[in-house]
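Student: Input: one structure, supplied below.
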Amino acid sequence: MKQPFSDRPLPANWSSNDFREPASAPDVSPLGRGMVGHVPIVAMLLIVQGLLEFLFALMCLAFIALIFWAPDPELAQMRPLAVIAGIISIPAFGFGALRLVAGYCNYRYRRRTLGMVALGVGLLAMMTAYCAPTAIALAIYGLIVYVNEPVVAAFQMGSRGKTPAEINAAFPPLR
């Protein structure tokens, strides 16, 4: 079949396949990289925050030991403050442990929900006032990363037993 005003023939079969996305490698995610590269950063920040909370709790316990076991009678006036430090140190140990475990698991792209819980529960560490600024910043950044669709897919791959290297290979950076 020819066009009326041209000598060139029309294409034999016009198909919408001409405008499809180029086929990618079979192991490459069609979602794109997203924020998958940020997961190890959030995991390391969870570990650092957990270590800092543990350090804070240990300092509170050291303060309690100093106040109660020191022979100085003037330190007896600070016993109510030592009790408050002891009360604050108990959740700080728990939050620190939760963040350490979540950071370790998330670094290997496993247990995304645990990481999100650690970020949310870590906001309760604001009662110590020591960790409040970093806890707020980490919670905002971490939750933005963890709700990203390619990150969700990466964690699903991790829960199926893929290694971090295989996951990063499945989400190649844009060139």
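Student: Only one residue in E53, E74 is touching a Phe, Trp or Tyr at 6+ places or on another chain (Cβ under 9 Å), outside any loop (DSSP other than H, G, I, E, B) and among the acidic types (D, E). Which one?
Tutor: E53
Student: Just a yes or no: is a residue in the stretch 81-96 outside any helix (DSSP H, G or I) and either surrounded by fewer than 17 Cβ atoms within 10 Å (Cβ to Cβ) or among the hydroxyl-bearing types (S, T, Y) (or both)?
Tutor: No, the stretch 81-96 contains no residue that is outside any helix (DSSP H, G or I) and either surrounded by fewer than 17 Cβ atoms within 10 Å (Cβ to Cβ) or among the hydroxyl-bearing types (S, T, Y) (or both).
Student: Within the stretch 154-175, which residues are under 13 Å from G32 (Cβ atoms) and within 14 Å of the chain's Cα centre (by Cα)?
Tutor: Kept after step one, since they are under 13 Å from G32 (Cβ atoms), are these residues of the stretch 154-175: 154, 170-175.
Result: A154, single match.
Student: Moving on to the next point. Counting just the residues of the stretch 124-140 that are in a helix (DSSP H, G or I) and surrounded by fewer than 16 Cβ atoms within 10 Å (Cβ to Cβ), which one comes out farthest from the chain's Cα centre (by Cα)? Give the steps one after another, and end with the answer.
Tutor: As a first pass, look at the stretch 124-140 and keep what is in a helix (DSSP H, G or I): 124-128, 132-140.
Those left that are additionally surrounded by fewer than 16 Cβ atoms within 10 Å (Cβ to Cβ): 124, 126-127, 132-133, 136-137, 140.
On the way: L124: 17, M126: 19, M127: 22, A132: 17, P133: 17, I136: 13, A137: 12, I140: 10 Å.
Per the criteria, the residue is M127.
Student: Which residues, counting only those in the stretch 60-71, are small (G, A, S) and in a helix (DSSP H, G or I)?
Tutor: Those that are small (G, A, S) and in a helix (DSSP H, G or I): A62, A65.
Student: Continuing with this model, one more query. Name the pairs: first residue in the stretch 93-113 and farther than 20 Å from A125 by Cα and in contact (Cβ under 8 Å) with a residue 60 or more places away in the chain, second residue of a type in the set (G, A, S) and crowded, with 20+ Cβ neighbours inside 10 Å, Cβ to Cβ under 7 Å, at least 6 apart or on different chains?
Tutor: Once the first residue is farther than 20 Å from A125 by Cα and in contact (Cβ under 8 Å) with a residue 60 or more places away in the chain and sits in the stretch 93-113, its partners that are of a type in the set (G, A, S) and crowded, with 20+ Cβ neighbours inside 10 Å give N106/A43; N106/G115; Y107/A43; Y109/A154; Y109/G158.
Student: Continuing with the same structure: When only residues in the stretch 59-73 that are modelled with pLDDT of 85 or more and more than 17 Å from A129 (Cβ to Cβ) count, which is surrounded by the most Cβ atoms within 10 Å (Cβ to Cβ)?
Tutor: Of everything passing the filter in the stretch 59-73, I67 is surrounded by the most Cβ atoms within 10 Å (Cβ to Cβ).
The values are calculated or read from the model by the stated rules, or taken from the named source; none is laboratory data. All values derive from a computational prediction rather than experimental measurement. Note that each Cβ is placed from the backbone with ideal geometry, even for glycine, and that neighbours are counted across all protein chains shown.
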